[in-house]
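Contents: one structure, followed by commentary.
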Amino acid sequence: MSITEAVSDARLLGRFASRRDEAAFRELVHRHGGRVLQVCRSILRDEHDVDDAFQATFLVLAHKAGQVAWTGSVSAWITEVARRQAVRARSGLSRRRSRERLMSSVAAVRPGECIGWLPEDDHPQADHADELEHRDLGRVLNAALHELPEK
C-alpha cells in the first residue's frame, strides 16, 4: 500500500508503532516538517540549534507513537512539542553561556587574586542567593587554584 494524503496521521503512527514502518514515519516528517522547522526557527537563531530541536521533536513523536491514542492529525500536538523543544534548547544555551562567562572569568584569575562575584549585569535575574553562591564558588575556586603547582 502506498502512502497517500488519504492515510490519516493516526493510521501512519499506528503503522510506525506496530511495524516500525519507516515509510509511514517519513510521510509524517514530510507532512509536518515544514511547520516544525518554522516553529523552531521562530524561537532559535542558530541553524544547528534549529536542526537539533527539529530532530528532538520527531524523536518525541517516534517515542510516543505507540503510547498515545491518536485520532486525526497530529499537527497541533507536534507544533506544541516543537515549541517546547526549541524553548528548552534556548534555555539550555542561555545557561551554557552563563557558565562559559563564569569559567572565562575564573580562567583569567592569576594566583593571589580573589575572584569575588560576577557583576549584576552578567546575571540580570540574579537574586541575593545567586550572589552568595557566586561568591562562595569564587572562594572555592580561588582556593583550589592556589593549591595547584606553579607549572
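The values are calculated or read from the model by the stated rules, or taken from the named source; none is laboratory data. All figures in this text were calculated on a predicted structure; none of them were measured in a lab. Quick reminder, even Gly has a Cβ in these numbers, built from the backbone with ideal geometry, and neighbours come from all protein chains shown. Calculation scope for accessible area: heavy atoms of the full protein, side chains included, ligands and nucleic acids excluded. Shrake-Rupley method; radii C 1.70, N 1.55, O 1.52, S 1.80 Å.
Accessible area of residue 90 (1.4 Å probe, protein heavy atoms only, ligands and nucleic acids ignored): about 120 Å².
Rolling a 1.4 Å probe over the protein heavy atoms gives region 1-74 an accessible area of 60 Å² per residue. The trypsin sites (Lys or Arg not before Pro) of region 24-82 that meet both conditions, a loop assignment by DSSP and at most 16 other Cβ atoms within 10 Å of the site Cβ, are 45. Given +1 at the Cβ of Lys and Arg, -1 at the Cβ of Asp and Glu and no other charges, the dipole of region 1-96 around its Cα centre is 320 debye to the nearest 20. Residues 54, 16, sorted by accessible area with the largest first, give 54, 16 [1.4 Å probe; ligands and nucleic acids excluded]. As an exercise, identify the GluC sites (Glu not before Pro) in region 4-72 lying in DSSP coil whose Cβ has no more than 10 other Cβ atoms within 10 Å. Answer in residue order: 5. Note on surface exposure: 136, 49, 9 rank 136, 49, 9 by accessible area, highest first, 1.4 Å probe.
Of 43, 14, 60, which is farthest towards the positive pole of region 1-66's charge dipole, taken about the Cα centre with +1 and -1 on the beta-carbons of Lys, Arg and Asp, Glu respectively? Looking along the dipole axis, the top candidate is 14. Accessible surface ranking for 71, 57, 1.4 angstrom probe, highest first: 71, 57.
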